[in-house]
Amino acid sequence: MTGAETEAWARLVIEDLAAHDWRVVDAAYDRIPCTACGHALSRGPAHCVACTAAHAYRYGAVETDRPSVPRGNEHAIRVNVSAVRRPEGLSEHELTARRLVLPYLLVGRLPTTAQAQRLAAELRSTPPEGAAAVVARLFRPGDGS
């Protein structure tokens, strides 16, 4: 498939976000250049109006939990991917946490609300170099997440 054909396919996908899984929509946005800033559509800087709008529209796509993972795991992946791909407005601590948590989410782990809140609070008082240990402690085997 040529670049033009790929972009045409991607544009068809984003014309009907609700008909496609969020991962397909995410991949489609990556294949469309933003005419305003030149980045992949939805991934440009925060001041790019077209990218900001596309970033918000991506949430119109379908979100289906994968089999054998806790309910809400797919949403957690989606939100973390979105934040990591377009981190403007996130604190260094939040961005670090989202990057470190994502691999655990991808393999089907999901912290409870209380665990996520405890993690956020602990990370705010932890230097960046200690963040990985805090996240690993949350997701250690047998913790119930």
Item to check | Selection from Ala40, Ala114, His20, by position along the positive dipole direction of the chain (Cβ) | outcome: Ala114
Checklist outcome for this item: Quick calc, Trp9 & Cys37: beta-carbon distance into FRET formula, R0 25 Å, rounding 0.05, result 0.70
Item to check | Descending semi-axes in Å of segment 61-145, equivalent ellipsoid built from Cα gyration tensor | outcome: 21, 17, 9
Item to check | Burial order of peptide ranges 93-104, 38-49 (average beta-carbon count within 10 Å, highest first) | outcome: 93-104, 38-49
Checklist entry - Using unit Cβ charges (K, R positive; D, E negative) and no other charged atoms, how large, in debye to the nearest 20, is the dipole of the chain about its Cα centre? => result 400 debye
Checklist entry - In Å, the Kirkwood hydrodynamic radius of the chain over pairs of distinct alpha carbons? => result 16.6 Å
Item to check | Residues of the chain: accessible area per residue with a 1.4 Å probe, Å² | outcome: 56 Å²
Next on the checklist: In the chain, if the dipole is taken from +1 on Lys/Arg beta carbons and -1 on Asp/Glu beta carbons about the Cα centre, which of Thr2, Ala133, Thr64 is farthest to the positive end?
Outcome noted: Ala133
Checklist entry - What percent does the relative contact order of segment 47-145 come to when contacts are Cα pairs within less than 8 Å and at least six residues apart? => result 24 percent
Checklist outcome for this item: With R₀ set to 41 angstrom, the calculated FRET efficiency between the beta-carbons of Ala53 and Arg137, to the nearest 0.05, is 0.60
Checklist outcome for this item: Full extension between Arg118 and Arg23 adds, at 0.36 nm per residue less the Cα distance, a length in nm of 31.3 nm
Next on the checklist: Which order do the peptides 61-68, 21-28 come out in when sorted by mean C-beta neighbours inside 10 angstrom, highest first?
Outcome noted: 21-28, 61-68
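The values are calculated or read from the model by the stated rules, or taken from the named source; none is laboratory data. These numbers were taken from a predicted model, which means no experiment stands behind them. Cβ sites come from the backbone with ideal geometry, for glycine too, and all protein chains shown count toward neighbours. Calculation scope for accessible area: heavy atoms of the full protein, side chains included, ligands and nucleic acids excluded. Shrake-Rupley method; radii C 1.70, N 1.55, O 1.52, S 1.80 Å.
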